[in-house]
Structures are given as structure tokens and as C-alpha cells.
Amino acid sequence: AKCSTQRAVVFRTRVQQRFSTEKTIKPLNFNEHCANQVKKLDYPFYFASLFMNPAQRQATLALRAWNIEIASIKSNVTNSQLGEMRIQWWKEHLDKLYEGEPSNTPISLALGQAIAHHDLTKAFFTKILNARAKDLHVIQPRSLSDMEHYCEQTSSSLLYLNLEILGVKNSTADHAASHLGQSFGLTTFLRAMPFHKSDIYLPMDLTMKVFRKD
């Protein structure tokens, strides 16, 4: 708790110094920007966040807005190389966030604030970014096991960070988050299938079994 408090003070001080010296326009409300993004693109979770206290809600919406941006990279670039460049930028920028040096963008500012106030584990962010980077080259997963591993690295890691924001730290909750994240990730794949133009998000081993029966 003491470490997160010190980090929060450093973060706030550095952000104030930046906006007092640079000729930039500070977003009127970067937390509001994140809330609007999640409300627009992940409404079920936005609705669930309404039951959290204000501090937890701000941090959670910042995390979810960041995840939306990372998850949309693959569909928003014309080739995997551009996607890799974007993800690499976030990997490098993550280091800066943990040093209290956000960029002048709403998501960066909100996420930096969440990291500082809740002492979020950097390794979970890294797992998400690494998994998304590998997915840039995947057209169809090889197996259900591969899909479950991907969901563990992405959806479950996101839930682990959510638990840290809520101040929940125990193995039972982590175990539940692991399974819930995998289930949520697989469900998201199925729901998103109509919107994928070229990718096939059904595992190769299962589709081959179906074709063999036919």
C-alpha cells in the first residue's frame, strides 16, 4: 500500500510538471474518455463497472479501454508488421508508464494513474501484449488447447489485473479468474466470428474432425 501511494504521488507530480511546461492540451477528462470507449465497445462490462466504487471504477475502465485498443490492433492494420510496430510501441510505453511518464493521450494518462494507484503487476500487461503479438500471424488456431492458452494469457490476465484493482489477493480468486477468463475468451471468439473477414477462430483439430465425418 505504501509503495502504491508513493508511486501515485510521483505520477501526479510528473504529469502536473509536464502539462505546466509543454505546449500541449490536457484532455478535459481522460477518465471520462475511457468510460465512453468502454460504454460504446464493451457495454456489458461498462454496466458491471457501475457497481464499483469510483476509484476502482476509474481504474477498471482505464484497463478495459486499454484492452480494447490492444485487441483492435489486428483488425485495424493492413499487415502484421504494422501491428507488431504498434504493439512494440505499447511495450516500450509500458516501461514509461511504470516510471510515471505517460504520453499525452487519454488512455495512457488513465492507465498510468491506475498503475500508480493500485500497484498493478507489469507482467500481466506484458503477457497480454505478447499474446496479441503472436496472434497477428494466426489465421486459424491449431487446437483448442492453443486457444485456451491464448485466452489465459489475454482474458485471464485482464481479470488478474481487475482483482488487483479490487484489492483481492488469494489463490481461490486467481483460480476462478483463470477459468473464467478462458471461458470468456472462447465465448468472445464465437461471438466475433461473423465480423472476421479472413481469420477462422475455430481450432483446426476440431474442424478437421467435422470434415472427416462429412
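The values are calculated or read from the model by the stated rules, or taken from the named source; none is laboratory data. Just so you know, these numbers come straight off a predicted model, no measurement behind them. No Cβ is skipped: glycine too gets one built from the backbone with ideal geometry, and neighbour counts run over all protein chains shown. With ligands, DNA and RNA removed, areas are computed over all heavy atoms of the protein, side chains included. Shrake-Rupley method; radii C 1.70, N 1.55, O 1.52, S 1.80 Å.
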(Q) Just checking, does the range 60-76 include any residue being closer than 15 Å to Thr154 by Cβ, in a loop (DSSP other than H, G, I, E, B) and modelled with pLDDT of 90 or more? (A) yes
Q: Taking the residues in the range 77-91 that are assigned to a helix (DSSP H, G or I) and of a type in the set (A, V, I, L, M, F, W, C) as candidates, determine which candidate is nearest to Asn162 (Cα to Cα).
A: Trp90
Q. Any idea how many residues of the range 162-176 are within 23 Å of Gln113 (Cβ to Cβ) and assigned to a helix (DSSP H, G or I)?
A. 5
Q) For residues in the range 162-214 being among the aromatic types (Phe, Trp, Tyr) and open to solvent by 80 Å² or more (accessible area, probe 1.4 Å), which is modelled with the highest pLDDT? A) Phe184
Q: State all residues of the range 81-108 that are surrounded by 16 or more Cβ atoms within 10 Å (Cβ to Cβ) and among the small types (Gly, Ala, Ser); if no residue qualifies, say none.
A: Gly83, Gly100, Ser108
Q.
Looking only at the range 138-161, filter to residues that are assigned to a helix (DSSP H, G or I) and among the small types (Gly, Ala, Ser); which one of those is most open to solvent (accessible area, probe 1.4 Å)?
A. Ser145
Q: Give just the number: which of (1) modelled with pLDDT under 90; (2) farther than 23 Å from Lys91 by Cβ; (3) touching a helix residue (DSSP H, G or I) at 6+ places or on another chain (Cβ under 7 Å) does His137 not satisfy?
A: (2)
Q | Conditions (1) under 28 Å from Leu206 (Cα atoms); (2) surrounded by fewer than 18 Cβ atoms within 10 Å (Cβ to Cβ): number failed by Asp135 | A | (2)
Q) Which ones in the range 109-127 are in contact with a Leu (Cβ under 7 Å, 6 or more places away or on another chain) and open to solvent by less than 10 Å² (accessible area, probe 1.4 Å)? A) Leu111, Gly112, Ala114, Ile115, Leu120, Phe125
**Q.** Subset of the range 167-204 (residues that are more than 18 Å from Met147 (Cα to Cα) and touching a helix residue (DSSP H, G or I) at 6+ places or on another chain (Cβ under 6 Å))
**A.** Ala173
Q: Can you confirm whether the range 106-115 contains a residue that is in a loop (DSSP other than H, G, I, E, B) and in contact (Cβ under 8 Å) with a residue 40 or more places away in the chain?
A: no
